[in-house]
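A.B. asks: Below you will find the structure I want to go over with you.
Just so you know, all these numbers are worked out from the coordinates, no wet-lab data involved. No experiment lies behind these values; they were computed from the predicted model shown. Virtual Cβ from ideal backbone geometry, glycine too; neighbours counted across all protein chains shown.
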Amino acid sequence: MDWQPLVLTFKLAVVTTAILFVISIPIANWLSSTRSKIRPVLETLVSMPLVLPPTVLGFYMLVAFSPENAFGSWLNEWLGIRLIFSFEGLVVASVIYSLPFMVQPIQAGLSSLPSTLKEASYTMGKSKMTTLLKILLPNIKPSLLTGIVLSFAHTVGEFGVVLMIGGNMPGKTKVASIAIYDEVEALNYAAANSYSLILFSVTFVILLLVYLTNGGYFKRFAQ
Amino acid sequence: MIRLNLKKTLKSAGGIMALDLQLTIEKGQFVTLFGESGAGKTSTLRMLSGLLKPDSGTIKVGETTWFDSHKNIDLKTQLRKVGYVFQDYALFPNMSVRQNLEYALQKNQDRTIIGELLEFAELGELEQRKPETLSGGQKQRVALARALVQRPEILILDEPLSALDLKMRIKLQEYLLRVHKKYKLTTILVSHDIGEIVKLSDCVFELQNGRVIKKGTAADFFGLNKTSAKFRFSGEVLKIEKEDVIYVISVLIGNDIIKVVSDRTEANDLRVGDQVLVASKAFNPIIQKL
Amino acid sequence: MSIVCVQVDSGEKFMSVVIDTPESAPYMIKGNKVNVLFKEMEVAVTTQKELDISIENRITGNITSMEEGVLLSRLVLETTIGEVIAIISTMSVKQMGLVEKMNVMIMVKLNEIILAP
C-alpha cells in the first residue's frame, strides 16, 4: 500500500489545525465581546463553509488563485507562491473551509464565561491580552479541545475543495480521501478499503478521546 | 474626594431609564448606595470603575480626572485600579485561592501582601483550594482579599453579602469594617439590608430611577435618630400574632428574634417582611452578667 | 442625664427623664417642639384623683370604649391631650369596677416618656 496519501492527509490536518488555532482565537474573542454592527456579517462569513457545497468554495478559490487572474498572478509574481495544485494552496483552502469548526466552539466557550471574570481582571490592571491568555483561555479548555479536534477531523475528511484546488498530484495534493476515490475508480477495492478503514479508525479514536476527556458525554447519559 | 457627575441612558427589562446623578464622596468614608433594583446603583459603580462608559459627565477622584466627556478623557479600567468585589465573586476557576490573589499583584509589587491578606482573611488553610470547592462565605473572603492585593484607595462592593446566610453575613460585616479601617479605604457598598447599612456606613445615598433622591448619615437616613430612645435596633418583622387585646410582633434583629407587644393601631400598619425600628428607653431593660 | 418638662398643646405638662443633655442632643432647647411618646402598656389607671404616689405624669379623662380580653383589657380614653389607649389587666378592670363613660386619671412614670424631636 502507498502510505504517501495518508501521511499527506495528516500533515495537512496538523498544519491547518495549527494555523486555525492561532487565527481563530482573536476572531472568536472579537466576536464574543463586540457589539459592532458588522458582527453578524462576519459571523455569517465564518459560518458559510458549513452550508456551502465544498465545490463552490473550491471553484471560487480556483478562480481567484489562478495565475491567469489578477490576485493569483500577483501572488505568483511578487511572492512566488502558486496556490493552485500545490500543498500551500490546500492549506489555505482547508483553513477557510474548516474555519467555523474552530471559531464556533471557541466563541461559544468565551461567551459562556461570566463577563465579570474579565472585568475583575481589568480592575486589577491587567491588559486584554493577559486576561485572554491567563484567565479566559484556561477556563475554556474543553472548547479549545473541541475546536482543535473538529477542525482536524474535518480537514482529514475533506474532499471537494481539495479536488477542485489541489487536483490529484501524488506527494503534493493527493490526500487520502482523493486516493480512496482514485482506487474505487480503478476498481481497486482492497486498497480503497485500507485507506477508508484507517481514516475511519483514526477519526473514531480521536473523537472518542475528546468525549472521554470533556466528560460531558458520559455524565449526561449516566444521569 | 470622589466627585461623580454622570449621565447615561440605560436600557433594561423595564424599559429605558435616564440616569442622571451627582454624587460626592469624602475620602475615607464608607458609603452605601441604596434603592430598588434597577435604580442605577450597579451602573454607577461600573461607570466609576470604567467598565461602563457614561454618555456624558465627569468623574474626578482627588485631583485626577478619570472621565470628562468634554475633554475626551476616559481613563482605562486598568489604570483606575479600584478594588471591585462582584456580586458573583468572579473568582478565577483555573486558579487556587493563593493564585487568585497572586494574579492581582502589580508589576514589581512586594509579594508579602499575599501572605498578610491570606492571614487577615483567615484563608491560610484554604490557599491551595480551587474556588469551586469553597463555601459562599469563603469565596466572599477570597474575592475581598483579592480586591485588596493591589492596594486600591477605592473599594467597591456590589451586594457582597446578599447570597450568604445571616450568621456569615454578620461575621463578614465586621470583617468589612475592619478592612475599611485597616487599609484606610474609601468604600462604596450596594446593599438592601437596612441593618447592614446602619452598621457599616457613614453615609447613605438613595437612588431611584437613576437619580439621588435622598442622602444622609445612616442613622438619620432611616429615622433612627428621631427619638430620644437609646435602646434601639432595626430589624425585620417575622410574625404578627394577635393575643387577647394586644398583638405580639416577632422581629429579627441580627441573629436574634425578639418579641414586641404592640397595640392594634401600630400592628395594623405592619406586614411580615417590613423593616422596623424597635426602641425603648435606656431606663427599662435589665442587664445581667452572663 | 436630664429631666425635661414638656408642655403639650392643651396646656398639660409632661416630665421625662432622658440620658441626653442639651450638649449631647441639639434638639433639647427651651421652646423647641417635640413629640411625646409612651407605650399603651405603661399607662396606669386610677379612680382616686388625690393619690400620694411617685408617678409624675397624670391626666384625667373619660373612658370612651372598653374591650375586655381574658387577661388584658384595652381602654380608649378621651383626655385633654387627645385619645389615649391604656392596656391594663382585666383583673384590675373588674376590681376597680371600670365601665364606659367613667371619669378616671391615667398616670405614666417619667422614665417611660420618650421624646421625639
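A.B. asks: Between the DSSP loop rule and a limit of at most 15 other Cβ atoms within 10 Å, which GluC sites (Glu not before Pro) in the range B:119-198 are left?
C.D. replies: Passing sites in the range B:119-198 are B:Glu122.
A.B. asks: Then there's this: Can you list the aspartates and glutamates whose alpha carbon is less than 20 Å from that of B:Lys7, not counting same-chain residues fewer than 8 positions off?
C.D. replies: Leaving aside aspartates and glutamates fewer than 8 places away in the same chain, those within reach of B:Lys7 are B:Asp20, B:Glu36, B:Asp55, B:Asp68, B:Asp74, B:Glu206.
A.B. asks: Farthest toward the dipole's positive end in chain A, which of A:Phe59, A:Ile180, A:Gly157, given Cβ charges of +1 (Lys, Arg) and -1 (Asp, Glu) about the Cα centre?
C.D. replies: A:Gly157
A.B. asks: Whole angstrom only: what separates the Cα centroid of the range C:92-117 from the Cα centroid of the range A:1-77?
C.D. replies: 93
A.B. asks: Determine, from the Cβ-Cβ distance of C:Asp52 and B:Ser250 and an R0 of 56 Å, the FRET efficiency 1/(1 + (r/R0)^6), rounded to the nearest 0.05. Don't skip to the end; give the middle numbers.
C.D. replies: On the way: r = 41 Å, r/R0 = 0.72.
The computed FRET efficiency comes out at 0.85.
A.B. asks: If you don't mind, another one. Going by a ≥ b ≥ c, the root eigenvalues of the Cα gyration tensor, does the range B:72-165 fall in the rounded group (a/c under 1.5), the prolate group (a/b larger than b/c) or the oblate group?
C.D. replies: Oblate.
A.B. asks: Near A:Lys11, which lysines are there with a Cα under 22 Å away, not counting those fewer than 8 places off in the same chain?
C.D. replies: Of all the lysines, those that pass the test against A:Lys11 - Cα under 22 Å, at least 8 places apart if same chain - are A:Lys172, A:Lys174.
A.B. asks: Could you work out how far the C-alpha centroid of the range B:75-137 sits from that of the range A:168-208, in angstrom?
C.D. replies: So the two Cα centres are separated by 53 Å.
A.B. asks: Given q = 0.12, 0.16 Å⁻¹, what are the Debye log10 I(q)/I(0) values for the range C:2-116, with equal point scatterers placed on the Cα positions and solvent ignored?
C.D. replies: The computed values of log10 I(q)/I(0) come out as -0.46, -0.76.
A.B. asks: Say each of A:Gln4 and A:Glu88 gets a label point 7 Å from the Cα, pointing the same way as Cα to Cβ; how far apart are those two points in nm?
C.D. replies: A separation of 2.1 nm, rounded to one decimal place.
A.B. asks: Equivalent-ellipsoid semi-axes (√(5λ), Cα gyration tensor) for the range B:231-280, whole Å, largest first?
C.D. replies: Values: eigenvalues 58, 23, 20 Å².
Its equivalent ellipsoid spans semi-axes of 17, 11, 10 Å.
A.B. asks: Roughly how tilted is helix B:166-182, in degrees to the nearest 10 and between 0 and 90, from the longest Cα axis of chain B?
C.D. replies: 50
A.B. asks: Using only Cα atoms, tell me the angle between helix B:136-148 and the longest principal axis of chain B; keep it within 0 to 90° and round to the nearest 10.
C.D. replies: The angle comes out near 50 degrees.
A.B. asks: For the Cα atoms of chain A, what angle does the longest principal axis make with the long axis of helix A:141-157, in degrees from 0 to 90, nearest 10?
C.D. replies: 10
A.B. asks: Here's something else I'd like to know. Which whole-number value in Å³ per residue fits the convex hull of the alpha carbons of chain A? Don't jump to the answer; show the numbers that get you there.
C.D. replies: Working: hull volume 35.8 nm³, N = 223.
Convex hull volume per residue, Cα atoms: 160 Å³.
A.B. asks: Related question: D for the range A:1-125, whole µm²/s, Stokes-Einstein with Kirkwood Rh over alpha-carbon pairs at 25 °C and 0.890 mPa s: what number?
C.D. replies: Once the numbers are plugged in, D ends up at 146 µm²/s.
A.B. asks: Relative contact order, percent, of the range B:2-221 when contacts are C-alpha pairs under 8 Å separated by at least 6 residues?
C.D. replies: Working: 393 pairs, mean separation 63.3, N = 220.
The value is 29 percent.
A.B. asks: Considering only DSSP states other than H, G, I, E and B, which trypsin sites (Lys or Arg not before Pro) in the range C:7-48 qualify as loop sites with at most 11 other Cβ atoms within 10 Å? List each step's numbers first, then the result.
C.D. replies: Details: sites: C:Lys13, C:Lys30, C:Lys33, C:Lys39; in loops: C:Lys30, C:Lys33, C:Lys39.
Those that pass, being in a loop and sparsely packed, are C:Lys30, C:Lys33.
A.B. asks: Tell me which GluC sites (Glu not before Pro) from the range C:16-68 have a DSSP coil assignment and no more than 15 other beta carbons within 10 Å of their own.
C.D. replies: On the way: sites: C:Glu23, C:Glu40, C:Glu42, C:Glu50, C:Glu56, C:Glu67, C:Glu68; in loops: C:Glu23, C:Glu50, C:Glu56.
Filter output for the range C:16-68: C:Glu23, C:Glu50.
A.B. asks: Sticking with this one: Using the Cα centre as the reference, give the magnitude of the dipole from point charges on the C-beta atoms of the range A:63-148 (Lys, Arg: +1; Asp, Glu: -1; all else neutral), rounded to the nearest 20 debye.
C.D. replies: Dipole magnitude for the range A:63-148 comes out near 520 debye.
A.B. asks: For chain A, modelled as a Gaussian network with Cα springs under 10 Å, which listed residue fluctuates most, A:Met169, A:Met61, A:Met124?
C.D. replies: Sorting by GNM fluctuation, first place goes to A:Met124.
A.B. asks: Report relative contact order for chain A in percent, whole number only (criteria: Cα-Cα under 8 Å, sequence separation at least 6).
C.D. replies: 29
A.B. asks: Distance check, please: which entries in A:Lys128/B:Lys182; A:Lys118/B:Lys139; A:Lys134/B:Lys107 exceed 24 angstrom between their Cα atoms?
C.D. replies: Check vs 24 Å cut-off fails for A:Lys128/B:Lys182.
A.B. asks: Treat each spin label as a single point 7 Å out from the Cα along the C-beta direction, and report the B:Gln87 to B:Lys11 distance in nm.
C.D. replies: 2.0
A.B. asks: Something else about it: With 10 Å bins from zero, work out the P(r) of chain B over every alpha carbon pair and list the percent per bin.
C.D. replies: Final binned percentages: 6, 24, 30, 23, 12, 4, 1, 0.
A.B. asks: Label-point separation (nm) for A:Ser127 and B:Lys76, each offset 7 Å from Cα along Cα-to-Cβ?
C.D. replies: Label-label distance for A:Ser127 and B:Lys76, simple model: 0.7 nm.
A.B. asks: Still on this model: Out of the DSSP beta bridges found with both residues in chain B, what percent are antiparallel (nearest 5)? Kindly include the intermediate steps, with their values, before the conclusion.
C.D. replies: Working: 49 of 65 bridges.
Within chain B, antiparallel bridges account for around 75 percent of the total.
A.B. asks: Still on this structure, please answer the following. Classify the range B:5-141 as rounded, prolate or oblate from the Cα gyration tensor: take a ≥ b ≥ c as the square roots of its eigenvalues, call it rounded if a/c is under 1.5, otherwise prolate when a/b beats b/c and oblate if not.
C.D. replies: prolate
A.B. asks: Would you please classify the overall shape of the range B:205-290 from the alpha carbon gyration tensor, given that a ≥ b ≥ c denote the square roots of the eigenvalues, rounded means a/c under 1.5, and beyond that prolate means a/b larger than b/c while oblate covers the rest?
C.D. replies: Oblate is the answer for the range B:205-290, as a/c is 1.5 or above yet b/c matches or exceeds a/b.
A.B. asks: OK, next. If you average the C-alpha positions of the range A:106-127 and of the range A:135-164 separately, how far apart do those two centres end up, in angstrom?
C.D. replies: Answer, in whole Å: 23.
A.B. asks: Any chance you could get the radius of gyration and Dmax over the Cα atoms of the protein assembly as shown, in Å?
C.D. replies: That works out to 37.9, 130 Å for Rg and Dmax.
A.B. asks: Given the pairs B:Lys27/B:Lys281; B:Lys27/B:Lys76; B:Lys239/C:Lys94; B:Lys214/C:Lys109; B:Lys259/C:Lys30, which span a C-alpha to C-alpha distance of over 30 angstrom in this model?
C.D. replies: B:Lys27/B:Lys281; B:Lys239/C:Lys94; B:Lys214/C:Lys109; B:Lys259/C:Lys30, as the Cα separations exceed 30 Å there.
A.B. asks: Can you compute the helix-only [θ] at 222 nm over chain B? Use -39500 (n - 2.57) per DSSP H run of at least 4 residues, normalise by all residues, nearest 500 deg cm²/dmol. Before the final figure, lay out each step's value.
C.D. replies: Numbers: 9 runs with 74 residues, N = 290.
So the calculated ellipticity at 222 nm is -7000 deg cm²/dmol.
A.B. asks: List the residues whose amide H sits under 5 Å from the amide H of B:Gln208, counting only those 5 or more places along or on another chain, with H placed 1.01 Å from N in the peptide plane.
C.D. replies: B:Ile213
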